[in-house]
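Quick note: the coordinates plus some simple rules give every number you see, no bench work behind them. Predicted model, so just to flag it, every value in this text is computed and none were measured. Quick reminder, even Gly has a Cβ in these numbers, built from the backbone with ideal geometry, and neighbours come from all protein chains shown.
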Amino acid sequence: MNREPSKPMGKRGWRSIVEQHRIMLSAVFVLFALVFAQPTRSSLLWGLPWIMLGEALRIWASGHIHKMAEVTRTGPYALCRHPLYLGHALITTGFLIASANAWLFLAGLAVFAMIFMPTMDREEQDLLREFGDEYRRYMEQVPRFFPRLNAGGLGAGCFDWGLVSRHREWNNVLGLFGGLVGMALLGWLRGTL
């Protein structure tokens, strides 16, 4: 039998898997995390502010972004190019703190980077194709993920609750509430709460 050797999964291979299965990969990690989480009252209380801050950032960003219609530079988009993912990172950090498992915390941060770094790369390539030099200038002026402190444009633009609804951010709020209730129930069932 004459078979071509399989190609090692390189950067492009992983990126392709992430592009096609990002939600499923995240769900698999969540199920894995539930096996090892040992939430306590204290860990939930320490995680909650991170979750709330992350969701507040996501709502703020959702109220400014006009996806694929313009290069949004106002609100949190004056601080960093991916405030929705930064908000998601804060939420993830909050749930990992709530899990009360240091190894799970480290694994969760690694999984987040493995999933969302390629996602940000792909989105930026799409935006460069769509907006060209305008997006390239934005990339030169605004950091990708970690916010700059000397941002102009924070007060510019108009926050729109209609955009928040259009982007279905309320589904995320309900999911976070369900996740917190689930963590509390898990802690109660395991006797750690």
Of Leu84, Leu25, Phe145, which is farthest towards the positive pole of the chain's charge dipole, taken about the Cα centre with +1 and -1 on the beta-carbons of Lys, Arg and Asp, Glu respectively?
Leu25
Reviewing [x] 9.4; [y] 14.4; [z] 17.4, the figure for mean projected area of the Cα convex hull in nm² actually calculated from this model sits under [y]
Would you grab the residues whose amide H sits under 5 Å from the one on His82? Only those 5+ places off in sequence or on another chain, please, with H modelled 1.01 Å from N.
none
Given unit charges at Cβ for Lys, Arg (+) and Asp, Glu (-), the dipole magnitude of region 41-190 about its Cα centre in debye, nearest 20, is 360
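How high is the relative contact order of the chain? Use alpha-carbon pairs under 8 Å, at least six apart in sequence, and give a whole percent. Before the final figure, lay out each step's value.
Details: 216 pairs, mean separation 64.7, N = 193.
Answer for the chain is 34 percent.
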For region 157-164, in order, what is each residue's ³J(HN,Hα) by Karplus, 6.51 cos²θ - 1.76 cosθ + 1.60 with θ = phi - 60°, in whole Hz (x at glycine and Pro)?
x, 10, 5, 10, 4, x, 5, 4
Could you tell me what a quarter of the Cα convex hull surface of region 64-162 works out to, in nm² with one decimal place?
7.3
Cα centroid of region 26-44 to Cα centroid of region 155-193, whole Å
16
Quick one: Thr93, Thr119, fewest Cβ neighbours within 10 Å first, how do they rank?
Thr119, Thr93
Please list, by residue number, every one of the trypsin sites (Lys or Arg not before Pro) in region 13-102 that is coil in DSSP and has at most 16 other beta-carbon atoms within 10 Å.
Lys67
Which order do Ile23, Ile115, Ile51, Ile17 fall in if you start with the one that has the fewest other Cβ atoms within 10 Å?
Ile23, Ile17, Ile115, Ile51
Residue order, fewest to most beta carbons within 10 Å, for Leu176, Leu106, Leu96:
Leu106, Leu176, Leu96
Sorted on mean Cβ neighbours within 10 Å (highest first), peptides 185-191, 121-127 come out as 121-127, 185-191
